[in-house]
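The values are calculated or read from the model by the stated rules, or taken from the named source; none is laboratory data. Only a predicted model underlies this, so the values are computations on that prediction, with no experimental measurement involved. Heads up, the Cβs are rebuilt from the backbone with ideal geometry, glycines too, and the neighbour counts pull from every protein chain shown.
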Amino acid sequence: MTLRGRDLISVRDLSREEIEELLASARKMIPYAEGTKAMHPLANKIVAMAFFEPSTRTRLSFESAVERLGGTCVTIADASVTSMRKGESLHDTIRMLSSYADAIVIRHPSEGSARLAARASDRPVVNAGDGAGQHPTQTLLDLATMHEAFGTLSGLKVVLLGDLKFGRTVHSLAQALALFGCEVVLSSPPSLALPDQARRRLRQSGARVTDEEDVRRAMKDADVLYVTRIQKERFGDLAEYEKVAGSYRIDAALLQDAKPRLIVMHPLPRAGEIAPDVDGTPHAAYFRQSFLAVPVRMALLDAILGGPRRGAG
Amino acid sequence: MRELKITPIKNGTVIDHISNGLALEVLRILGVQTIDKDSTVSVALHVRSGKLGWKDIVKVENMELSPRKSNAIALIAPTATISIIRDFKVREKRPVDLPERIVGVLRCPNPNCITNQPEPVESEFEVTQRRPTVLTCAYCDREVEDFLHHLA
């Protein structure tokens, strides 16, 4: 793999082959992520976690991935305690961090911040979410979840449901699905439809894209139902929010019409989009999806930073 | 007889074939206030043109365009031509040319882009489509098509 020393800012930085290699490596990482086997390719490596906005699962799964690979972390988990509060620029903060660590994982509320960090740092930078922009490792773990369930990504019919306008995970996921020749069905209320730029890019990359506002019809013959959170704060009118959120709620009764092998995914945390009665059905894949964050991030960090295998076995 | 609407200049730059109505924007890009106070700036608005129907022309004495200003003009007036005049003669004439990357000329239309925050960084766009031109922010990936309103 040619990822050694490289940044990962957008999923578009990866070729289809590189994604496939990362997914294959992530599968091999599962026992190491569970702690039943041990390996230390990141021994003596320090990874800086530069989290300038709150995050629990992304930061913890990255920290866990580093620890499972035998590396150590230095962490900024609260930007208000850094020198940025004294007016230090992100550029300078990253420049400083890059002299303390072998790689930097960054989450920041501004779009483009990860690209800026990559330019400021002479160490590899991994984007863990830049505002409403990219979140490439989320896309990788989404793909890993689908691949694990179906053994392939090619030709899957994937419904992207809910907030397709502001949900940052869906834009890069849709791009990656196009790369694998998936059929993408966009299902959202008109006010939360996929922005024109994202839609145009999808078409340009040759994706088969259709729109179906009605959840039941969208789900027909689908392999994957990818549900996103509809955020209350996006609506001026609470009644409008209730109406929209209500029509995009997935429950076990609705899934009775679905293909038996359909999986339901969600980047979590959920806020009522998926009823708890789905958890016990074979369709529920969202907890598995959140577990796969660790082996996927291990595979990535190993590819970017890993040295020779030590203690593997 | 053809009427001479703008007097010739000895040394300087002529920007011709500017789309009708955009000369004042070109002047804004040139930053006329920075031009040598003894130099003449001539602007012709709404001039007949064989190619364009109507066009604008800007002539600036004693100034040659920087690449950055030339890029900015290429964005808002892609039909423009630039002639360098030395000793009353046209020494060089070329259409404006859009490079692959445009640095520092435009503001990103995304207010939450890191280039719009107080960071030591210049805006940067990649030309992702030509005719019509579409630029994509190298940082936040946002596309911009309305260049006039986003000149830095």
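Which of the numbered conditions does A:ASP122 fail, given that it passes all the others? Conditions: (1) out of contact with any strand residue (DSSP E or B) (no Cβ under 9 Å at 6 or more places or on another chain); (2) more than 13 Å from every other protein chain (Cβ to nearest Cβ); (3) in a helix (DSSP H, G or I); (4) within 21 Å of B:THR115 (Cα to Cα).
For A:ASP122, the failing item is (3).
Let me spell it out: the conditions are (1) surrounded by fewer than 19 Cβ atoms within 10 Å (Cβ to Cβ); (2) assigned to a helix (DSSP H, G or I), and A:SER61 meets all of them except one. Which number is the exception?
Unmet condition: (1).
Do the conditions hold for A:ALA128, that is, is it within 14 Å of chain B (Cβ to nearest Cβ), of a type in the set (A, V, I, L, M, F, W, C), crowded, with 23+ Cβ neighbours inside 10 Å and in contact (Cβ under 8 Å) with a residue 60 or more places away in the chain?
no
So A:ARG107 fits all but one of (1) away from chain B (no Cβ under 14 Å); (2) touching an Asp or Glu at 6+ places or on another chain (Cβ under 8 Å); what number is the exception?
(1)
What are the residues in the stretch B:107-124 that are farther than 18 Å from A:ALA118 by Cβ and more than 10 Å from chain A (Cβ to nearest Cβ), if any?
B:ARG107, B:PRO109
Being within 14 Å of chain A (Cβ to nearest Cβ) and hydrophobic (A, V, I, L, M, F, W, C) narrows it down to one residue among B:VAL127, B:VAL144; which is it? Quick ask: steps written out before the conclusion?
Working: B:VAL127 fails: within 14 Å of chain A (Cβ to nearest Cβ).
Only one candidate qualifies: B:VAL144.
If you check A:ASP78 against the conditions, is it without any contact (Cβ under 8 Å) to a residue 40 or more places away in the chain, more than 30 Å from A:VAL185 (Cα to Cα) and within 14 Å of chain B (Cβ to nearest Cβ)? Working first, answer last.
Working: without any contact (Cβ under 8 Å) to a residue 40 or more places away in the chain: yes; more than 30 Å from A:VAL185 (Cα to Cα): yes; within 14 Å of chain B (Cβ to nearest Cβ): no.
Judged against the criteria, A:ASP78 is not a match.
Just name the residue that is modelled with the highest pLDDT out of those in the stretch A:41-58 that are out of contact with any Asp or Glu (no Cβ under 9 Å at 6 or more places or on another chain) and surrounded by fewer than 19 Cβ atoms within 10 Å (Cβ to Cβ).
Among those residues, the one meeting the criterion is A:ALA43.
Would you pick out the residues in the stretch A:1-51 that are among the β-branched types (Val, Ile, Thr) and either over 20 Å from the mean Cα position of the chain (by Cα) or assigned to a helix (DSSP H, G or I) (or both)?
Looking only at the stretch A:1-51, we keep the residues that are among the β-branched types (Val, Ile, Thr), and these are A:2, A:9, A:11, A:19, A:30, A:36, A:46-47.
Matches in the stretch A:1-51: A:THR2, A:VAL11, A:ILE19, A:ILE30, A:THR36, A:ILE46.
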